[in-house]
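One structure below.
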Amino acid sequence: MNIIILGPPGAGKGTQARILVDERDMIQLSTGDMLREARDSGSEMGRKVADVMARGDLVTDDIVIGLIRERLRGDIGGGLIFDGFPRTLTQADALGALLAEMGQTLDRVIELGVNDEALVSRITARSTCASCGEVYNDSTRPIPADGKCVNCGGTEFKRRADDNAESLKRRLMEYYKQTSPLIGYYYALGQHSRVDGLGQVDEVKAAIASELDS
């Protein structure tokens, strides 16, 4: 099963993707991770990525699609979770064409619906484990009293510099301008489902499982 998880910054996409990786043997395809791995691989595609990144240019859609094509040629376990791609309608068209070319399908697009006000409150209280990226929140899921990450035991935590109200509002505007049109696009294709992204982690997990298993 190949899926996309859509949602604005802080909606919990990464947290839910990690759960699907652990419980369903799926593979999370993060655009940023793919680019870094390609850059360090020494492959022909990796050299292209390294050259673009060294110049400080934006990586083209063609390069990202090329990286996804390479990944589809290998073992994809229980399926792929696309994280951070597509972001635009053009990218959505390109991904659909690639999957068809490779004999694959896009089975479901899960939108994590959120309330902007609640999202700002959530993000400004967010911190992550510096070692594994596990997410904590001052109000709803504080760092354990012993100062150790529940996932990896790490003791260092960090906050993103742009996890503040003003920066988040700009990021939300960018999301609504570029990515939210994908909701209508995938709805028209009959692939879109919406779940409440502001519930507890286990509640969101259960809602996603219900959609994927239906």
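The numbers here are math on the coordinates, done by the rules we state, and not lab data. All values reported here derive from a predicted model rather than from experimental measurement. A quick note on method: Cβ atoms are made from the backbone with ideal geometry, for glycine too, and the neighbour counts reach across all protein chains shown.
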By how many degrees, 0 to 90 and rounded to 10, does the Cα axis of helix 61-72 deviate from the longest principal axis of the chain?
90
Once residue 118 and residue 189 are pulled to full extension, the length gained, defined as 0.36 nm per residue separation minus their Cα-Cα distance, is 22.6 nm
Treating cross-link reach as a plain straight distance, find the lysines whose alpha-carbon is under 30 Å from the alpha-carbon of residue 158, omitting any fewer than eight places away in the same chain.
13, 148, 169, 177, 205
I want to check the label-to-label distance for residue 170 and residue 155. Put each point 7 Å from Cα in the C-beta direction and report it in nm to one decimal.
3.6
Computed on Cα atoms, the radius of gyration and Dmax of the range 34-153 in angstrom are 18.4, 51
Please give the helix 13-24 orientation as an angle from the longest Cα principal axis of the chain, in degrees from 0 to 90, rounded to the nearest 10.
70
Per residue convex hull volume, Cα only, the range 1-53, in Å³ is 108
Using DSSP to define loop residues, name the trypsin sites (Lys or Arg not before Pro) in the range 47-91 whose beta-carbon has at most 11 other beta-carbon atoms within 10 Å.
73
Once Lys and Arg are counted +1 and Asp and Glu -1 for all other residues with Cβ under 12 Å from that of residue 131, the total becomes 0
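Please work out the FRET efficiency for the pair residue 180 and residue 145, using the Cβ-Cβ distance as r and a Förster radius of 35 Å; give the result to the nearest 0.05.
Efficiency at R0 = 35 Å is approximately 0.35.
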If the label point is 7 Å along Cα→Cβ of residue 54, which residues in the range 19-47 have backbone nitrogen under 19 Å from it?
35-47
Rounded to two decimals, what ratio of Rg to Rh does the range 108-214 give with C-alpha atoms and a Kirkwood Rh?
1.02
Quarter of Cα convex hull surface for the chain, i.e. mean projection, nm²:
12.5
If you line up the long axis of helix 44-55 against the longest principal axis of the chain, both from Cα atoms, how many degrees apart are they, to the nearest 10?
60
